[in-house]
Amino acid sequence: MATTTGASVDRAPVTSAAQQAPKAARRVGDVILSLDHISLAFGGVKALTDITFDVREHEVRAIIGPNGAGKSSMLNVINGVYRPQQGTITFRGKPRRDMNTHEAAAHGIARTFQNIALFRGMSVLDNIMTGRNLKMRATFVEQAVWWGRARREELANRRKVEEVIDFLEIQHIRKTPVGRLPYGLQKRVELARALAAEPSLLLLDEPMAGMNVEEKQDMCRFVLDVNEQYGTTIVLIEHDMGVVMDISDRVVVLDYGKKIGDGTPDEVRNNRTVIDAYLGVAH
């Protein structure tokens, strides 16, 4: 029998949902993102301490750990919300220290959030269209009169958004204000907005938190389909160990801002330090 720590770790029902999702064939390539000796502190509080790991092209890379382990802080470092005091981030062979969120998005890094960050009064379609913002080149005047380049861009962007809507099977809610949708569908709309930016690296912060088994099954399927059909590299934070172990290629484990494990799902599952700190201590 195992006892768990304070982290929320759902097991049997979630594993069943994950196993029902079709597993994508992996085409894992070379390293596209390296984090070397990353340290981040807020005043006297150390959020991350000397963290090193990498992400390979086309893989699903999971980050797990108890609440407060530094997982979301790590995603914020990757996409430029936070600047680490120490360490180097290398994306597609180019080291960087001070890339901001706009530059990260322009380089193909998209993000969803643990707490839904949608425009609740806007329709699903309009929310997803905001993900195309960096693809628009027309001036304000051109957009105001909706002529020439602005019109061509608008039509092209709407075609891409409709493609994403079809892909995530949300055609029936495309004109519905997001605030009227149930939580699970709002999470899918947030994924759609991130996909509309056509990212090469997608950061997912607890995309299945708060979902029931059926919703998690759908989200597992969509994450794997994004990875397989779009070839998108995914870095995923998730507390659900059934999901993590089933869909991830590699897993890095954080605890109190330090790395305590890194490897394949089987390697992490059998790592005594990880078991004691997070997965549960056997008695």
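In the condition set (1) in contact (Cβ under 8 Å) with a residue 60 or more places away in the chain; (2) assigned by TED's automatic domain parsing to the domain that holds Ile247; (3) surrounded by fewer than 17 Cβ atoms within 10 Å (Cβ to Cβ), Gln114 is compliant with all but (2). Please specify each residue of the range 144-165 satisfying the condition of being modelled with pLDDT of 65 or more and either among the charged types (D, E, K, R) or exposed (fewer than 14 other Cβ atoms within 10 Å of the Cβ) (or both). Once the filter is applied, which keeps residues that are modelled with pLDDT of 65 or more and either among the charged types (D, E, K, R) or exposed (fewer than 14 other Cβ atoms within 10 Å of the Cβ) (or both), the range 144-165 yields Arg152, Glu153, Glu154, Leu155, Ala156, Arg158, Arg159, Lys160, Glu162, Glu163. Can Met211 be described as more than 29 Å from Glu103 (Cβ to Cβ), over 14 Å from the mean Cα position of the chain (by Cα), aliphatic (A, V, I, L, M) and part of a loop (DSSP other than H, G, I, E, B)? Answer is yes for this residue. Residues considered: Asp218, Asp225, Asp240, Asp205. Of these, the only one that is closer than 25 Å to Val81 by Cα, modelled with pLDDT under 95, of a type in the set (Asp, Glu) and in contact with a helix residue (DSSP H, G or I) (Cβ under 8 Å, 6 or more places away or on another chain) is Asp205.
Note on the range 233-267: residues that are crowded, with 23+ Cβ neighbours inside 10 Å and among the basic types (Lys, Arg) total 0. Restricting the range 84-95 to residues that are out of contact with any Leu (no Cβ under 6 Å at 6 or more places or on another chain) and in contact (Cβ under 8 Å) with a residue 40 or more places away in the chain, which is surrounded by the most Cβ atoms within 10 Å (Cβ to Cβ)? Across the range 84-95, the extreme among qualifying residues is Gly87. In the range 204-229, of all residues being among the aliphatic types (A, V, I, L, M) and more than 22 Å from Ala117 (Cα to Cα), the one that is surrounded by the fewest Cβ atoms within 10 Å (Cβ to Cβ) corresponds to Val213. Among the residues of the range 151-194, those identified as small (Gly, Ala, Ser) and closer than 13 Å to Gly131 by Cα are Ala192, Ala194. The set of residues in the range 233-283 being in contact (Cβ under 8 Å) with a residue 40 or more places away in the chain, part of a strand (DSSP E or B) and small (Gly, Ala, Ser) consists of Ala282 alone.
The values are calculated or read from the model by the stated rules, or taken from the named source; none is laboratory data. Just so it is clear, the model here is predicted, and its values are computed rather than measured. Neighbour counts are summed over all protein chains in view; Cβ atoms, including those assigned to glycine, are modelled from backbone coordinates with ideal geometry.
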